[in-house]
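The structure appears below as structure tokens.
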Amino acid sequence: MTVESLFASKINAAAPRSAILRIAIVGRGFSGMMSAIALMKTVRTPFHLQLFDPNSAVSGGQALSSARASTILNSRVRDLSVALGDADDFNDWLCSNAEFRAAVPAAIPGFRQIFVPRELFSDYVYQRFSEALAARKDITVQVTPEPVGSIRRGQANRFLLETATPTNRLFDTVILATGYGLSEREPEAEDHSPVRAQRLVARPHTVLLGSGIRVVDQLLQLRDGGYTGQITIVSKHGFLPQSHTPNSADPVFPAEELPQSLPDIVRFIRTACRQAEEQGRSWQSVMNGLRKHARSLWRSLPAHQKRQFNRHLRAIYDSHRNRLPEAMYLRLKQELASGNTGLRCGTAGRRGLSGIFFTPAGSNVEEVIYAERVFDCRCRRPDLAMPLIQSLITSGLAAPDELSLGLAVNERGEPCLEDGSTVNGLFAIGPLGLGSLPDIDLVPEIVSQAYAAANRIGQQLYPQSRAI
Ligand SMILES: Cc1cc2nc3c(=O)[nH]c(=O)nc-3n(C[C@H](O)[C@H](O)[C@H](O)COP(=O)(O)OP(=O)(O)OC[C@H]3O[C@@H](n4cnc5c(N)ncnc54)[C@H](O)[C@@H]3O)c2cc1C
């Protein structure tokens with residue numbers, strides 16, 4: 001589904017009048033679409049909105065982009081609302097969908113706790129975008145299917161966006177929603193394996209690189225498609241996603257003040273999980289509770305402890321926060337127990353025609369894993385080397401965070417410069433801020449940030465505007 005096909009009648013292909021205030025959104029993944037919805041629902045003054053992205057379809061983000069449309073999301077319905085302050089909005093949308101209600105009668109009266117296919121979430125996001133657009137006769141939306149190569153200051157302190165087509169690229173406000181960057185093509189296989197001639201494959205073999213949701217999705221997709229060969233998951237640390245609870249895991253967290261140092265914090269959380277389980281709650285409830293403290297906790301850590309966390313704990317944290325619906329988790333466990341799927345910890349190297357080079361954890365001897373197919377299901381980081389981001393950094397419009405995981409941003413997504421100031425009119429929404437704001441790659445956090453940015457834009461550009 002494309003924005004163009006759905007909203008062709010509202011989309012103004014011609015260049016807009018120059019008098020109107022102009023807002024650009026760079027990137028049309030979930031963060032870009034969410035920012036557009038938040039702007040249309042929050043900023044009351046007329047504006048022209050231009051969306052840049054060479055990809056014509058909204059994807060599920062890099063965590064989900066290669067998954068099948070029917071893949072079950074790993075977040076419950078109650079956590080996927082795009083309406084600020086109305087956690088039931090997605091549930092209400094599902095309840096109003098007669099076809100869905102007929103197909104899932106067991107969940108009546110509500111669907112808050114269930115997991116649904118990502119295509120349904122995508123339809124919901126598009127419909128809310130469409131409704132927000134239909135409600136605004138005073139704005140124009142233009143879709144430009146091009147990448148933005150750079151952003152710098154133009155005339156009258158506006159932002160000048162460089163794209164292939166040289167039309168009016170001056171904007172008053174720019175929202176960066178570039179997530180993990182432009183998707184790359186898979187690298188061509190090269191084969192330097194000295195042992196290629198000795199290849200002896202007893203049965204078909206596929207290698208999956210990574211350890212997150214995408215690996216599990218790819219594994220189950222292969223099995224559902226009838227693949228019976230051997231599968232090897234190659235993961236750096238070996239932490240695969242944990243399971244959601246069958247029912248709601250409402251957040252709990254100890255009331256005591258959190259300790260200061262990373263090892264003490266880890267001990268504190270472990271104890272909290274154990275105590276929750278002793279009291280008949282789940283560790284998942286504690287992890288859900290931890291998310292509410294994650295930002296202040298992260299901010300309080302000195303840089304060396306943040307680095308330590310990234311090196312030693314991030315993989316464990318991710319496997320406990322990005323959880324699988326129970327049914328998927330059980331299938332994963334069965335796969336591993338059957339021996340048909342194996343897990344190897346270590347570092348994947350370059351591809352060869354007959355498989356992939358691999359260095360097992362704790363060793364420095366490279367070996368070859370022979371396989372007919374290698375799927376790269378690893379999660380990428382935001383791409384700071386991308387020319388667009390580099391142009392912002394070199395022109396002093398943004399700075400990397402202290403670990404260079406992304407751009408330094410505040411809760412509203414405003415890039416923070418080294419002297420602590422922010423640049424009026426520039427925002428980075430979503431995973432670009434992962435080094436500053438934990439969990440900013442997840443729907444609830446992206447939704448809050450997009451509305452906070454839209455509110456700020458309303459105040460900055462149009463002081464008389466008020467939120468709807
Ligand atoms: C269908 C769907 C399912 C989801 N499921 C879940 C879930 O279960 N749980 C959860 O919490 N979250 C979920 N999410 C949210 C997901 O986590 C986020 O969408 C993702 O992590 C980040 O999205 P993004 O838009 O910031 O980045 P991306 O998806 O990476 O999108 C970035 C976009 O920017 C474009 N771009 C990059 N560079 C440029 C450039 N220079 N010029 C122009 N364009 C550029 C890319 O082409 C890309 O389309 C889902 C989202 C969707 C839409």
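If you take the C-alpha gyration tensor of segment 262-321, multiply each eigenvalue by 5 and take the square root, what semi-axes do you get, largest first, in whole Å?
Sorted largest first and rounded, they come to 22, 11, 11 Å.
Can you pull the percent of the chain's accessible area that's carbon plus sulfur, 1.4 Å probe, other chains left in place?
On the way: 11270 of 21620 Å².
Result for the chain: 52 percent of the exposed heavy-atom area is carbon or sulfur.
Please give the calculated 222 nm ellipticity per residue for the chain, where each DSSP H segment of at least 4 residues contributes -39500 (n - 2.57) and the sum is spread over every residue; nearest 500 deg cm²/dmol?
That calculation yields -10000 deg cm²/dmol at 222 nm.
Keeping all protein chains in position, work out how much accessible area Cys416 exposes to a 1.4 Å probe, and write it in Å² to the nearest 10.
40 Å²
Nearest 5 percent is fine: what portion of the DSSP beta bridges confined to the chain is antiparallel?
The antiparallel fraction comes to roughly 40 percent.
Which of the peptides 157-167, 314-324, 449-459 is most tightly packed, and how do the rest follow, going by the mean number of other Cβ atoms within 10 Å of each residue?
Those peptides, ordered most packed to least, come out 449-459, 314-324, 157-167.
Under a Cβ-Cβ cut-off of 13 Å, what is the net charge of the residues other than Asp123 that fall near it, where Lys and Arg count +1 and Asp and Glu count -1?
Numbers: positive: Arg118, Arg128; negative: Glu99, Glu119, Glu131.
My count for the surroundings of Asp123 gives -1.
Sort 265-272, 422-429, 237-244 for me by packing, meaning the mean count of neighbouring Cβ atoms within 10 Å per residue, highest on top.
422-429, 237-244, 265-272
So if I take the centroid of the Cα atoms in segment 356-416 and the same for segment 114-145, what is the distance between those two points in Å?
If you average the Cα positions of each part, the centres end up 29 Å apart.
Keeping every protein chain present and rolling a 1.4 Å probe, give me the accessible area per residue for the chain in Å².
Working: 21620 Å² over 468 residues.
Here the per-residue accessible area is 46 Å².
So which trypsin sites (Lys or Arg not before Pro) in segment 367-439 end up in coil per DSSP with only 15 or fewer other C-beta atoms within 10 Å? Walk me through the numbers on the way to the answer.
Numbers: sites: Arg373, Arg378, Arg380, Arg412; in loops: Arg378, Arg380, Arg412.
Those satisfying the criteria are Arg380.
Sort 286-297, 352-363 for me by packing, meaning the mean count of neighbouring Cβ atoms within 10 Å per residue, highest on top.
Top to bottom by mean Cβ count within 10 Å: 286-297, 352-363.
The values are calculated or read from the model by the stated rules, or taken from the named source; none is laboratory data. Not measured: the values here are computed from a predicted model. Backbone-built Cβ (ideal geometry, glycine too); neighbour counts: all protein chains shown. Surface accessibility is based on the protein's heavy atoms, side chains included, excluding ligands, DNA and RNA. Shrake-Rupley method; radii C 1.70, N 1.55, O 1.52, S 1.80 Å.
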